[in-house]
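Here the structure is laid out as structure tokens; the discussion comes afterwards.
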Amino acid sequence: MSEPVSPLMHASYDGLVKIEEIGPMGMITLRGDLSASDIRRAATDVTSVDIPSQRRASIDAERGILWMAPDELLVLCAYAEAPEAVERMTAALTGTHALVANVSDARAVFRITGPQVREVLAKLSPADLSPEGLPVGQVKRTRLAQVAAAFWLNTEEEAQLICFRSVADYVMGLLKTSAHPASAVDFF
């Protein structure tokens with residue numbers, strides 16, 4: 001098996017915030033009836049974290065579950081664990097109407113840290129980035145300029161952002177422009 005390659009080779013930028021492409025992460029899309037106990041158990045058994053409530057993230061280190069839609073969760077784990085986790089989840093859901101798909105290689109993940117994280121994201125997204133509009137732990141599926149993305153705040157000064165791998169360089173460019181020291185708005 002070949003070694004995974006980071007979309008941007010762990011590129012980073014320091015400006016109003018620090019932006020880091022964090023490299024390969026295990027990501028599994030799980031679709032089905034989220035109220036069904038077997039669906040919920042399939043996700044929690046591989047992560048050991050609770051199912052999040054609507055629009056929330058349940059994260060513990062590199063494991064987590066993100067609520068993405070009324071019938072969709074994104075299960076996070078170590079990259080190397082994703083294939084085996086998919087097998088376990090698929091086996092656990094035999095006979096259940098569900099979809100389990102390893103999307104690890106189709107996504108790029110960024111960590112954004114610093115006191116102006118909300119401002120940097122607000123310049124790029126139509127989402128409400130105020131503390132009321134995006135509380136810590138809430139997942140936003142939105143767009144950054146012209147591309148789809150999802151992000152959440154782990155703390156008031158740390159966000160994680162997921163986008164398609166094919167647009168990782170574009171997203172890094174957007175983030176760098178938004179985080180350029182000369183672009184400070186000081187809104188939040």
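Only the coordinates and a few stated rules stand behind these numbers; no lab work does. Keep in mind that what you see is a predicted model, and the values were worked out from it rather than measured. Glycine also receives a Cβ, built like all others from the backbone with ideal geometry; neighbour counts cover every protein chain displayed.
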- [ ] Rounded to the nearest Å, what's the spacing between the alpha carbon centres of segment 71-137 and segment 41-55? Just the number, please.
- [x] 12
Task: Cut-off 11 Å, label 7 Å out along Cα→Cβ of V136, residues of segment 63-82 by amide N - done: none
Task: Two-site label geometry, L99 and A36: point separation in nm, points 7 Å out along Cα→Cβ - done: 1.4
Open item on the list: Tell me whether segment 127-188 comes out rounded, prolate or oblate; compute the Cα gyration tensor, take square roots of the eigenvalues as a ≥ b ≥ c, and use a/c under 1.5 as the rounded threshold.
Closed with: oblate
Task: Computed [θ] at 222 nm, helices only, for the chain once each DSSP H run of length n ≥ 4 contributes -39500 (n - 2.57) - done: -6000 deg cm²/dmol
- [ ] Please report, in Å, the Rg and the Dmax of segment 70-132, where both are computed over Cα atoms only.
- [x] 16.9, 48
- [ ] Using the number of other C-beta atoms within 10 angstrom as an exposure proxy, rank V167, V120, V17 with the fewest first.
- [x] V167, V17, V120
Task: Rel. contact order, % - alpha carbon contacts under 8 angstrom, at least six apart, segment 12-180 - done: 26
